[in-house]
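Have a look at the structure below before the remarks.
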There are 2 protein chains.
Amino acid sequence: MLDRCIGTHRVRQIQRAIRHGKITLLCLFMTVVVLRGTIGAGKFGTPEQDFNDLRNHIYASRKHAEPHRVLTESNQSNNSKNDEANSAGDANNYAAFDINRILVDEGEDEKPDPNKPYSLGPKISDWDEQRAKWSSENPGFSNFIGANKPRVLLVTGSSPKPCENPIGDHYLLKSIKNKIDYCRLHGIEIFYNMALLDAEMAGFWAKLPLIRKLLISHPEIEFLWWMDSDAMFTDMAFEVPWERYKDSNFVMHGWNEMVYDQKNWIGLNTGSFLLRNCQWSLDLLDAWSPMGPKGKIRDEAGKVLTRELKNRPVFEADDQSAMVYLLATQRDKWGDKVYLENAYYLHGYWGILVDRYEEMIENYHPGLGDHRWPLVTHFVGCKPCGKFGDYSVERCLKQMDRAFNFGDNQILQIYGFTHKSLASRRVKRVKNETGNPLEAKDELGLLHPPFKAVKVSAS
Amino acid sequence: MLDRCIGTHRVRQIQRAIRHGKITLLCLFMTVVVLRGTIGAGKFGTPEQDFNDLRNHIYASRKHAEPHRVLTESNQSNNSKNDEANSAGDANNYAAFDINRILVDEGEDEKPDPNKPYSLGPKISDWDEQRAKWSSENPGFSNFIGANKPRVLLVTGSSPKPCENPIGDHYLLKSIKNKIDYCRLHGIEIFYNMALLDAEMAGFWAKLPLIRKLLISHPEIEFLWWMDSDAMFTDMAFEVPWERYKDSNFVMHGWNEMVYDQKNWIGLNTGSFLLRNCQWSLDLLDAWSPMGPKGKIRDEAGKVLTRELKNRPVFEADDQSAMVYLLATQRDKWGDKVYLENAYYLHGYWGILVDRYEEMIENYHPGLGDHRWPLVTHFVGCKPCGKFGDYSVERCLKQMDRAFNFGDNQILQIYGFTHKSLASRRVKRVKNETGNPLEAKDELGLLHPPFKAVKVSAS
């Protein structure tokens with residue numbers, strides 16, 4: 001998960017608002033909102049109209065906002081510590097090296113046009129037609145790669161900068177290896193993003209421009225599977241039930257009641273979801289994005305979300321809360337194509353899973369995907385790439401190691417090995433080799449899984 | 001590249017030899033060797049016979065060798081620094097966390113049987129037949145996934161431990177992203193290894209047991225492509241000329257003269273090579289492995305290699321030198337199936353490439369794979385995962401960033417972006433979006449490359 005800037009940034013925002021004398025206007029506006037709430041609601045509900053008014057107000061005042069600086073690094077070539085490291089011998093010593101020597105400051109990002117509402121890109125209204133035409137002209141890139149098997153692209157990523165703390169990159173590495181393993185077994189391709197395509201949509205919102213770009217560039221993709229870098233596959237044998245979603249375009253782990261009835265901010269999870277490549281999805285992305293642009297828009301939208309959703313803490317707007325809000329307030333428009341899945345852990349909150357791995361090994365087996373053997377264990381809140389997480393570092397890292405090994409064991413057993421324990425990096429042999437390797441029993445059926453077989457035509 | 005333990009380990013070996021009173025025997029033996037060299041040679045040359053005698057001698061005395069301890073980590077749960085980090089607030093602080101708190105010591109590795117010569121596994125003599133039978137029974141896993149397109153598995157990996165220096169894991173992460181990108185475009189699967197399957201074959205030799213295991217587990221693989229973690233793809237458009245190798249089983253970058261005539265230790269490179277899945281390859285792996293077992297065997301073999309090869313420094317036996325030696329001394333047996341490729345950079349030494357990237361961009365284009373636009377830039381000697389490299393850290397990391405961006409630009413241009421400079425992590429848009437994304441020109445042909453198209457049969 002990319003960092004959420006909460007406290008310091010908001011304080012700065014508030015200070016700027018005071019300087020510009022806008023807080024008075026805001027107070028007046030909120031009074032009007034409360035009054036309106038007791039008077040009546042429009043088609044999509046008063047909160048939405050208010051948000052739109054708020055957004056337009058913010059756009060009008062955007063020209064006074066400070067420029068955004070992202071991914072800024074300082075060039076400290078004159079640092080005395082570097083001079084020491086430069087001496088012969090030290091020059092080859094990684095421990096003595098200051099990474100700031102090679103960081104490059106490329107200046108500021110382009111300022112967004114303050115008069116233009118944010119847009120993910122030029123409106124496309126005939127994507128289904130464009131896509132169908134392209135597919136018929138390109139049979140070598142069909143949308144289905146087997147009977148009932150759609151072509152899926154798993155998308156994930158992380159910052160192009162080294163993690164703020166050293167251990168973070170190591171866990172990012174283990175996490176991508178984990179994804180490589182699952183995807184290899186299941187015939188899924190991977191796109192690992194390290195580029196910030198749109199400075200306004202930095203942080204957790206960065207996935208939206210990326211997803212849109214990939215969908216419209218790759219019409220051959222039937223489903224795009226977004227997965228956070230802090231989520232790991234823990235059931236290597238579970239194949240997503242694609243047939244179940246034949247009438248759906250957007251699949252997230254969640255519960256209808258928690259989203260539509262309670263408007264609970266964790267009623268669904270956007271850390272692991274499936275999005276079909278179609279016009280509906282492009283429209284959804286357009287409807288999802290308005291709360292994302294960094295700065296005033298995102299901050300103010302955050303306040304709306306905290307107010308409107310159940311249990312949401314105070315922080316800038318995040319994509320997950322925005323989706324709960326969008327679905328809860330526009331169910332008629334989107335709900336029929338959204339599948340909130342809870343029969344298996346398309347996303348599994350790590351807190352309730354990681355202490356049960358041994359029990360799972362004792363009583364169950366891979367292929368179940370649910371509470372008995374979760375498809376995905378998602379380390380929300382751990383943030384190993386940053387400085388501070390929401391949980392104890394020791395617990396997070398220990399459990400991430402265990403989750404990794406839990407999944408890795410299912411790969412290793414294919415080859416006759418297993419980790420010495422869920423806590424250990426070391427492996428031990430559990431199946432002796434023979435001179436007839438192809439007669440060895442493939443217990444989990446992961447060596448040549450049926451969901452991977454593809455008959456290639458002769459031409 | 002996995003670490004090479006040179007100085008300290010050898011000194012310990014020598015001290016043990018002295019303690020056991022064997023150095024006298026060794027001196028006597030060497031005298032005999034020199035005398036024999038002037039007397040005559042057997043079928044494969046005196047050095048080989050001598051090596052065999054030396055190896056048998058070492059096997060006989062192995063029971064006195066100290067046990068090998070690999071991947072040992074210490075549990076420092078009583079460390080005072082940890083007590084400080086445990087206090088509230090610090091518990092969530094990654095900067096205050098000592099990773100040793102969660103490292104697990106799983107004890108010593110099993111001791112190898114001193115009376116048994118090393119073996120990669122039970123001898124298989126009919127692999128071609130086993131494989132052909134399996135293929136005919138499993139049409140969903142054919143060896144060829146398109147006309148002239150073999151099924152290829154790219155194999156790479158790194159240690160399961162965090163790098164000794166913090167920045168190393170970040171470069172491993174960028175390196176695997178780079179490989180994911182190339183392989184996605186070229187329809188190649190990836191296996192990222194983090195398990196040490198055989199403690200005796202640690203370090204650069206670890207690839208041999210791994211490769212053998214993967215070949216015999218996956219008969220559907222036609223070619224296994226080993227690639228070091230410090231090698232990066234810098235030509236995303238270059239497709240390996242598979243047809244060229246239809247009569248070869250083993251392809252490495254190198255030069256016939258340097259291997260067979262000069263016995264130059266860098267006459268070929270084993271950091272990036274193609275190995276066909278067949279009986280011949282299993283036999284080659286068996287012939288390659290004897291110099292690998294850690295300890296006396298590897299040390300003594302290192303001395304043989306330094307003596308026999310041109311320009312080889314003094315250090316324990318490495319897989320690359322061993323391959324030069326094997327081919328040079330047994331050309332009749334292996335040479336006809338080995339292709340030493342130098343028409344393009346299946347491996348490209350970074351030192352002569354990285355300063356020319358701007359010149360390449362100016363004058364050439366992707367798809368050439370050679371000195372004009374190298375397929376692979378290989379950062380031999382940089383060792384960013386360790387403490388010390390063979391080159392300046394600043395130069396290595398700066399150039400690794402440039403190589404990564406040079407390759408990444410070819411991916412980003414598909415989507416209309418590019419890095420702001422070869423030194424910068426940041427990207428900028430270079431192609432405006434339109435409402436008709438499928439009509440956009442695909443200059444490099446990487447969006448839907450012909451070498452990726454696969455016609456899937458209806459059933």
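Listed values, structure above:
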{"quantity": "Extreme residue, farthest from A:ILE211 (Cα to Cα), among residues of region A:135-167 that are facing chain B (nearest Cβ under 9 Å) and assigned to a helix (DSSP H, G or I)", "calculated": "A:ILE167"}
{"quantity": "Selection from region B:116-134 of residues that are at the interface with chain A (Cβ under 10 Å from one of its Cβ atoms) and within 29 Å of B:LEU185 (Cα to Cα)", "calculated": "B:ARG131, B:TRP134"}
{"quantity": "Test: residue in region B:181-193 that is modelled with pLDDT under 95 and assigned to a strand (DSSP E or B)", "calculated": "no"}
{"quantity": "Candidate set: region A:376-419, residues that are farther than 22 Å from B:TYR192 by Cα and touching a Pro at 6+ places or on another chain (Cβ under 9 Å); chosen: the one nearest to the other protein chains (Cβ to nearest Cβ)", "calculated": "A:VAL393"}
{"quantity": "A:ALA328 vs. criteria touching a residue at least 12 places away in the same chain (Cβ under 8 Å) and touching a Lys or Arg at 6+ places or on another chain (Cβ under 8 Å)", "calculated": "yes"}
{"quantity": "Of all residues in region B:438-454 being at negative phi and more than 11 Å from chain A (Cβ to nearest Cβ), the one that is surrounded by the fewest Cβ atoms within 10 Å (Cβ to Cβ)", "calculated": "B:LYS441"}
{"quantity": "Count - residues of region B:179-197 that are more than 16 Å from the chain's Cα centre (by Cα) and not hydrophobic (A, V, I, L, M, F, W, C)", "calculated": "6"}
{"quantity": "Whichever residue in region B:176-227 is in contact with a Phe, Trp or Tyr (Cβ under 8 Å, 6 or more places away or on another chain) and of a type in the set (Gly, Ala, Ser) and, among such residues, is nearest to A:HIS186 (Cα to Cα)", "calculated": "B:GLY187"}
{"quantity": "Flag if A:LEU197 is part of a loop (DSSP other than H, G, I, E, B), of a type in the set (A, V, I, L, M), at the interface with chain B (Cβ under 9 Å from one of its Cβ atoms) and touching a residue at least 12 places away in the same chain (Cβ under 8 Å)", "calculated": "yes"}
{"quantity": "Selection count where residues are under 14 Å from A:ASN256 (Cα atoms) and crowded, with 23+ Cβ neighbours inside 10 Å, scope region A:305-327", "calculated": "4"}
{"quantity": "Selection from region B:200-213 of residues that are more than 9 Å from chain A (Cβ to nearest Cβ) and over 12 Å from the mean Cα position of the chain (by Cα)", "calculated": "B:GLU200, B:MET201, B:ALA202, B:PRO209, B:ARG212"}
{"quantity": "Among (1) hydroxyl-bearing (Ser, Thr, Tyr); (2) over 15 Å from the mean Cα position of the chain (by Cα); (3) within 14 Å of another protein chain (Cβ to nearest Cβ), the one test that B:SER229 misses", "calculated": "(2)"}
{"quantity": "Candidate set from region B:110-134 (those that are outside any loop (DSSP other than H, G, I, E, B) and in contact with a helix residue (DSSP H, G or I) (Cβ under 9 Å, 6 or more places away or on another chain)); member that is nearest to A:LYS149 (Cα to Cα)", "calculated": "B:TRP134"}
{"quantity": "Pairs, first at the interface with another protein chain (Cβ under 7 Å from one of its Cβ atoms) in region B:92-109, second modelled with pLDDT under 65, C-beta under 6 Å, six or more apart", "calculated": "B:PHE97/B:ALA85; B:ARG101/B:ASN82"}
{"quantity": "Top-ranked residue in region A:420-437 [being more than 8 Å from every other protein chain (Cβ to nearest Cβ) and under 15 Å from A:ILE361 (Cβ atoms); ranked as surrounded by the most Cβ atoms within 10 Å (Cβ to Cβ)]", "calculated": "A:LEU422"}
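Residue-by-condition table, conditions (1) under 19 Å from A:ILE176 (Cα atoms); (2) touching a residue at least 12 places away in the same chain (Cβ under 8 Å):
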site	(1), (2)
A:TRP225	yes, yes
A:LYS246	no, no
A:MET252	no, yes
A:ASP283	no, no
A:ASP286	no, yes
A:GLU300	no, yes
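The values are calculated or read from the model by the stated rules, or taken from the named source; none is laboratory data. Everything quoted here is computed from the prediction, not taken from an experiment. Cβ coordinates were reconstructed from backbone atoms using ideal geometry, including for glycine residues, and neighbour counts include every protein chain displayed.
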